[in-house]
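To start, the structure itself, in structure tokens.
The values are calculated or read from the model by the stated rules, or taken from the named source; none is laboratory data. A quick note: this is a predicted structure, and the numbers were derived from the prediction, not measured. Cβ atoms come from the backbone with ideal geometry, glycine included; neighbour counts cover every protein chain shown. Each accessible area value is taken on the protein alone, full model and side chains, heavy atoms only, with ligands, DNA and RNA left out. Shrake-Rupley method; radii C 1.70, N 1.55, O 1.52, S 1.80 Å.
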Amino acid sequence: MYLIALKMLLGDRAKYFMLVGGLTFSSLLMTQQNGVFQGLLSWTTSHMRNMRASIWVVESRVEQVNETKALRDTDLNRVRSVEGVDFAVPLFQGVMKARAPDGSDKQVQLIGLHGGTLFGRPTAMLEGDISQLRVANSVVVDELAADPSRLGAGLGRRLRLGDTFEINDREARVVGICRTDRHFFGYPYVFTSYDQAIQYAPRQRKMLSMILAEPKAGLSAEEVARRISTETGMKAYTVPEFERSTIDWVWRNTGIPSSFMTTIILGFLVGVAVCGQTFYSFVLENLKNLGALKAMGASNGLLAGMLLLQAMTVGVIGFGMGLGLTAVFGIIGAQKGSLPFKMVPLHLLQSFGAVLIICVLAALFGIRKVARLEPAIVFRG
Amino acid sequence: MRSPSSLTRSAAVMAQEVTDVLGAIVVRGVVKAFGSGDVWTPALKGIDFSAAEGELHLVVGPSGCGKTTLLSVVAGTLDWDQGEVSVFGAAFNEMPRGKVTAFRRQNIGFIFQQFNLIPTLTLIENVSVPLLLNGMGRQAAESKALEWLVKVGLEGSGLKRPSQLSGGQQQRVAIARALVHEPRLLICDEPTSALDSTTGHQIMELLAAVARAPGRCVIIVTHDPRTYSYADRMTLMEDGRVIEVKSGEVLRTFVGATH
Ligand SMILES: Nc1ncnc2c1ncn2[C@@H]1O[C@H](COP(=O)(O)OP(=O)(O)OP(=O)(O)O)[C@@H](O)[C@H]1O
Ligand SMILES: [Mg+2]
């Protein structure tokens, strides 16, 4: 009988395409928007993937990695003296104005790494040598910075090793090009040494943005971070803690989550409305047939099962198509590299769950109708 | 003029006698009213009815007298308010709804005025539905369905859809579907009234030929006097009651007399 149910569904081409189309659109809206949202969220924590350090020490009020409240220079030694800290290095981070060869200003994310160790350096060097950062006025830029639309502007090509540009009127010579994870602000990364970064940045009383630290062998990052926090009064985060705190901050302080959630909920509601309506009218149109089946001895359970199967079938097909379209979007986005996008299996499962809920809701309206149906109606003309 | 009450009593007595002798379908004192609140329409007013194994039984009467309601009660597709219904020994009063549904699935075949074939299914699929409902595998069900399509004269049309057929052909498919699982009771509500008179005649002939079987009871509600000659017996209804039961011989004399 379940095969019969599918044939009844497929036999009604118009409704079938309407159902699949509605669910495709709804799945697309939900998975794609969620993908973009997750992508954006992951961009907010890209510092932690670009400068791998186990412990991030910040001013006590700092809640997220993109925020800086400067520390005193002496704070570095206070962290170093905490029991269990293997080493700790200073980090400068700040958004600076850089001048491209054509004279236009571009914002960059300037990172100053500890000159002795270059700890926190980018992991993927494409060209050049990171150790050259120890030479005065030298920088390593990421691919985005090298782009002709950014610091390559005026050259008509990408930045190469040996090219120069200016940061706050000081010369910066490119000694390396690296690959980074995109940052939330959309600014390219420019790495230099800590001492050099302080030269580039406008002079202020306190310049130390953050301290990166590693625990001694055998100690956990959590444990050591806890000790740093209690002993120094600063806030020390492990990577997962700082990621969570950053994302929480975005949820609490920006309109981004709510606007994405609105679209996602809208996708769900569109699905419920289109699919529910269409499926209900499919059931209404088939009421005589369903009544005949009921007269012939089909139980309510069987008919409910048939309706559920029909709804689930269009659900699975619609979700598959929505997912396919989302993946196409993701691939195009990934090629351009400029669109945030991230698909997480858990979130796909959630979208699939939402689609199934849409289908169950749609089927339930029909099931209620059929359960109340007097099979005797088939005798009426 | 005979008074209605004496007629009712005589019908009841006759029903009792038939039941005692043959006892296939027995309806005793059934009352059924439709409506809600203060507005109730009585459709069956304490009706007694019976039909026997092996007979083709017509139910006739003016429009609105309760024929379809009686049929629905006998089929177990409609609840009633008072009285008893027993079909081949199964007392519907005492059975839970699920049991009645299962009984219907196995023992009753239906033919409707509007055919009620499922338009998106092929003829074979339509005919195989009762077998599938009874748990038969698809292949077995479809080959049985094909046999029945041949029996009703639709050889080679198995893969067509109902919309490709004329009304008479569709009703043939419906006959095949109603009988494919060899039900003991066949219920037909005005099987010919959506058809022209020639086709209607052919359908009655086919029904009489393929449906009548020793263990089976066939009940047909009809308006069409030309079908009377196929009947073994006929129940005449009026205003929710049985007013007369006629035997086949009487009917044939009657039909002969009117020609
Ligand atoms: N579902 C219903 N709701 C309300 N009233 C109903 C319903 N079904 C039947 N009735 C009423 O019950 C009475 C008997 O109806 P029924 O359909 O059994 O008559 P019938 O003899 O089959 O008539 P016809 O020859 O026109 O088919 C009529 O008065 C009808 O209006
Ligand atoms: Mg009727």
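Data table
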read-out: Some residue of region A:323-341 being assigned to a helix (DSSP H, G or I), within 16 Å of ligand 1 (Cβ to nearest atom) and out of contact with any strand residue (DSSP E or B) (no Cβ under 6 Å at 6 or more places or on another chain); value: no
read-out: Only one of B:Ile219, B:Ile203 that is within 16 Å of ligand 1 (Cβ to nearest atom) and surrounded by 17 or more Cβ atoms within 10 Å (Cβ to Cβ); value: B:Ile219
read-out: Residue in region B:94-116 that is in contact with an Asp or Glu (Cβ under 8 Å, 6 or more places away or on another chain), more than 16 Å from ligand 2 (Cβ to nearest atom) and either at pLDDT below 95 or within 24 Å of B:Ser193 (Cα to Cα) (or both) present; value: no
read-out: Unique match (being farther than 29 Å from B:Asp79 by Cα and open to solvent by 60 Å² or more (accessible area, probe 1.4 Å)) among B:Gln169, B:Gln114, B:Gln106; value: B:Gln169
read-out: Residue tally, condition away from ligand 1 (no atom under 16 Å from the Cβ) and free of Cβ contacts under 8 Å to residues at least 12 places away in the same chain, over region A:362-381; value: 2
read-out: Matching option when the condition is exposed (fewer than 15 other Cβ atoms within 10 Å of the Cβ), in a helix (DSSP H, G or I) and at pLDDT 90 or above, among A:Ser259, A:Ser245; value: A:Ser259
read-out: Test: residue in region A:4-16 that is open to solvent by less than 40 Å² (accessible area, probe 1.4 Å), within 32 Å of the chain's Cα centre (by Cα) and modelled with pLDDT of 90 or more; value: no
read-out: Residue within region A:296-313 that is under 30 Å from A:Thr45 (Cβ atoms) and in a helix (DSSP H, G or I) present; value: no
read-out: Filtered residues of region B:63-80 (kept if assigned to a loop (DSSP other than H, G, I, E, B), hydroxyl-bearing (Ser, Thr, Tyr) and within 13 Å of ligand 2 (Cβ to nearest atom)); value: B:Ser63
read-out: Qualifying residue in region B:124-131 (condition: open to solvent by 10 Å² or more (accessible area, probe 1.4 Å), of a type in the set (Val, Ile, Thr) and at pLDDT 95 or above); value: yes
read-out: Test: A:Leu339 is away from ligand 2 (no atom under 16 Å from the Cβ) and under 30 Å from the mean Cα position of the chain (by Cα); value: yes
read-out: Residue in region A:345-355 that is touching a residue at least 12 places away in the same chain (Cβ under 8 Å), closer than 29 Å to A:Thr180 by Cβ, more than 14 Å from chain B (Cβ to nearest Cβ) and not in a helix (DSSP H, G or I) present; value: no
read-out: Candidates A:Phe17, A:Phe37, A:Phe25 - the one that is without any contact (Cβ under 8 Å) to a residue 24 or more places away in the chain, assigned to a helix (DSSP H, G or I) and either touching a Pro at 6+ places or on another chain (Cβ under 7 Å) or more than 14 Å from every other protein chain (Cβ to nearest Cβ) (or both); value: A:Phe17
read-out: Residue within region A:342-361 that is more than 16 Å from ligand 1 (Cβ to nearest atom) and over 43 Å from the mean Cα position of the chain (by Cα) present; value: no
read-out: Filter result for B:Val218 (aliphatic (A, V, I, L, M), at pLDDT 90 or above and more than 24 Å from B:Val31 (Cβ to Cβ)); value: yes
read-out: Meets criteria (in contact (Cβ under 8 Å) with a residue 12 or more places away in the chain and under 27 Å from A:Gln38 (Cβ atoms)) for A:Met306; value: no
read-out: Qualifying position, being part of a loop (DSSP other than H, G, I, E, B), touching a residue at least 12 places away in the same chain (Cβ under 8 Å), open to solvent by less than 50 Å² (accessible area, probe 1.4 Å) and in contact with an Asp or Glu (Cβ under 9 Å, 6 or more places away or on another chain), among B:Gly54, B:Gly83; value: B:Gly54
read-out: Criterion violated by B:Ala140 - all others in (1) of a type in the set (Gly, Ala, Ser); (2) within 11 Å of another protein chain (Cβ to nearest Cβ); (3) surrounded by fewer than 21 Cβ atoms within 10 Å (Cβ to Cβ) satisfied; value: (2)
read-out: Residues located in region B:97-123, provided they are over 20 Å from B:Lys32 (Cβ atoms) and either assigned to a helix (DSSP H, G or I) or more than 9 Å from chain A (Cβ to nearest Cβ) (or both); value: B:Gly98, B:Lys99, B:Ala102, B:Arg105, B:Gln106, B:Asn107, B:Ile111, B:Phe115, B:Leu123
read-out: Strands (runs of 3 or more DSSP E) within region A:100-167 that include 3 or more residues closer than 20 Å to A:Arg52 by Cβ; value: A:105-113, A:124-128, A:138-142
read-out: Matching residues in region B:161-198 - criterion: being within 16 Å of ligand 1 (Cβ to nearest atom), touching a Gly at 6+ places or on another chain (Cβ under 8 Å) and under 15 Å from A:Ala295 (Cα atoms); value: B:Ile187
read-out: Hits in region B:49-70 - residues which are more than 14 Å from chain A (Cβ to nearest Cβ) and either at positive phi or more than 16 Å from ligand 1 (Cβ to nearest atom) (or both); value: B:Ser50, B:Ala51, B:Ala52, B:Glu53, B:Gly54, B:Glu55, B:Leu56, B:Gly61
read-out: Flag if B:Phe88 is more than 13 Å from ligand 1 (Cβ to nearest atom), within 14 Å of chain A (Cβ to nearest Cβ) and in contact (Cβ under 8 Å) with a residue 12 or more places away in the chain; value: no
read-out: Residues of region A:277-308 satisfying the condition of being away from chain B (no Cβ under 14 Å) and closer than 25 Å to B:Met136 by Cβ; value: A:Leu307, A:Leu308
